[in-house]
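These notes are about the structure you will find just below.
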Amino acid sequence: MNLSSAVYSDWSMPSDRVTLKIPRPLYERLRRVVEDTGYRSVNEFVVHVLRDLVAETEGDPPTLTAREVEIVRRRLRRLGYL
Amino acid sequence: MRLALIGLDGVDPGALAQLLPDLPTLAGIVRGGSFLRLRSVDPPITVPAWMCMMTGKDPGELGVYGFRNRADHSYTGLALATSARFTAPAVWDILGRHGLFSVLLGIPGTYPPKPVRGRLVSGFPAPEAATDYTYPTSLADDIRRWIGSYAFDVREFRTEDKAGLLDQVRTATANRFALARRMVAELRWDFFAMVEMGPDRVHHVFWADHDPTHPKHDPGSAFRDALRDYYRFLDHKLGELLAGLPAGTQVLVASDHGAQPMLGGIAVNEWLLQEGYLALHEYPERPTRIEALIREGVVDWSRTIAWGEGGYYGRVFLNVAGREPAGVVPPGRYEEVRAELAERLTALPDEHGCPLGTRVLYPERTYRAVRGIPPDLIVYFGDLAWRSLGTVGWNRIHLHANDTGPDDANHAPCGILIAEPRLDLEEEYGILHVKDLILSRFGIEERG
């Protein structure tokens, strides 16, 4: 899938990621916030919060590739929706 | 406080009431709770109906009138409604702002996945081979570990192999409920919501076998009990899931629309052609989709007043001067032409001259707001007992075969809402109120 936004890119590719530095006391506080939540790490939590923040101002919606659109269109037609 | 919303696509209140004695899990919830008719949106179709339920917004407010919507006023600009089109906050967005976690599985309209405070597995109509279908993406690794591959839906729907299809639906349902059980057990959540597409798939294929009032019903059919047996299977899977929920979890079971016998199809563009609203340079030798005719330049736009789209309901678009690229209807005559079309579509009889009971909706009178580009008219042939066929080349208007393969059921305007604990409500409830109902269970009064 070709999602244009880096926000949705494949996290397994290190080249798509950068390191941000935050004060250690803040990291420790975040670690306590994240404990016993659905988030697996401070990193995941911070990314979520930042995505939320950016989405409100930017809105870079995920899109489908032309091929995906065609697959979905054919599928909808077979299912009788179109 | 935890709440689980189990969505069952297309479950009809009348059919379910008949089946309920065979469904111990659902009957048990009904005994201790409420069983209401849930009035869907117009059109009562999977997309946008589920997202209307989750946002409390009608299709006009969302600007999503179906799976495909006009992106512009060109003749070919139909865009798929992906998650990006649903910009209004969903119930899980509001819960997230209040610090609550949601685990979401298979809700139509959530592909591609968007961030959520919690976990999300995208829903129909995600492409079968989709790889990035979860939020966060790492959830897909957990799913592989938990259940192997995840099936979004049945793979091959239009098939004469009904036994094989039934197997497919059961496999997909078992797969989704297996994942649901792992998600509720392994992940942190306050709100869990899932949608199972199986009932709708079974209705479309086995409704005539099940329903003695269906014109195609054959009492000797080998599949007479297929629908009932599937519901028993579904009820068993639901029971397994509910048994794994933490004690005290509140439960809602809902559907996005109902089902009814499909009596036939109206070839909407054949009718428009016959009545002089649509003009072609050349009549196709065999049934051809209107999109193909438009793409190949076969539609004579200089003489075309209106064209239509097929689906479980009909959509009619006017060719308006200054709006469409080669529009002919003067803007000053738009309302007059539209009213004439609406009146004539409403009066269109069946092939024996009997009234069809067609309803025609005007978007601006149907919705609280009209965003995006709505169809000029929304048409429920036979009040949805007949589907709309967009293809041209049949040389007739009334058909009793679908142009996409066998199909015995159409959608009906009311789905279900089953709730435990009991709801102090009337017998019919609106789908747009479900979001606030969920929020109120969490003590959240936020509106909008």
Within a Gaussian network of chain B (alpha carbon springs, distance under 10 Å), most fluctuating of B:G265, B:G77, B:G239: B:G77
Antiparallel content of DSSP bridges confined to chain B, in %, to 5: 55 percent
Computed magnitude of the charge dipole of the protein assembly as shown (debye, nearest 20; Cβ of K, R +1, Cβ of D, E -1): 1420 debye
Under 22 Å from the Cα of B:K435 - lysines, other chains or at least 8 residues apart: B:K57, B:K114
q = 0.13, 0.15, 0.16 Å⁻¹, segment B:264-406: log10 I(q)/I(0) [Debye, one scatterer per Cα]: -0.54, -0.73, -0.83
Average silhouette area of chain B, convex hull of alpha-carbon atoms, in square nanometres: 21.3 nm²
Relative contact order of chain B, pairs being alpha-carbon contacts under 8 Å that are 6 or more residues apart, as %: 28 percent
Unit charges at the beta carbon, dipole of chain B: most positive-side option, B:F35, B:L105, B:A342: B:L105
Order of B:I431, A:I22, B:I6 under a 10 Å beta carbon neighbour criterion, fewest first: A:I22, B:I6, B:I431
Net charge dipole size for segment B:264-406 [Lys, Arg +1 and Asp, Glu -1 on Cβ; Debye, nearest 20]: 420 debye
GNM flexibility winner over chain B from B:R303, B:R188, B:R286 (Cα, springs under 10 Å): B:R286
Charge-dipole axis of the protein assembly as shown as Lys and Arg at +1 and Asp and Glu at -1 on Cβ define it, positive-most pick from B:V328, B:F223, B:T25: B:T25
Inter-part distance where segment B:91-161 and segment B:328-345 are each reduced to a Cα centre, Å: 43 Å
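Suppose we keep just the DSSP beta bridges with both residues in the protein assembly as shown; what percent of those would be antiparallel, to 5? Write down the numbers at each step before the final one.
Values: 36 of 66 bridges.
Antiparallel bridges: around 55 percent, rounded to the nearest 5.
Test of understanding: ordering B:S149, B:S138 by Cβ neighbours within 10 Å, fewest first, what list do you get? Numbers along the way, then the final one.
Values: B:S149 7, B:S138 13.
Ordered by Cβ neighbours within 10 Å, fewest first: B:S149, B:S138.
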Signed unit charges on C-beta, dipole axis of segment B:287-437, positive-most listed residue B:A385, B:I290, B:H433: B:I290
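Can you give me the Rg/Rh ratio for the protein assembly as shown, using Cα atoms for both radii and the Kirkwood formula for Rh? Display every interim value, and only then the final one.
Working: Rg = 23.7 Å, Rh = 24.2 Å.
On the Cα set of the protein assembly as shown, Rg over Rh gives 0.98.
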Anchor A:K21: aspartates and glutamates whose Cα lies under 18 Å away (excluding residues fewer than 8 positions away in-chain): A:E44
Relative exposure of B:C354, B:C414, judged by other C-beta atoms within 10 Å (fewest first): B:C354, B:C414
For segment B:1-150, share of DSSP beta bridges that run antiparallel, in % to the nearest 5: 50 percent
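Taken together, the values in this text are just the output of simple stated rules run on the coordinates, not laboratory data. Source: prediction; values computed, not measured. Virtual Cβ from ideal backbone geometry, glycine too; neighbours counted across all protein chains shown.
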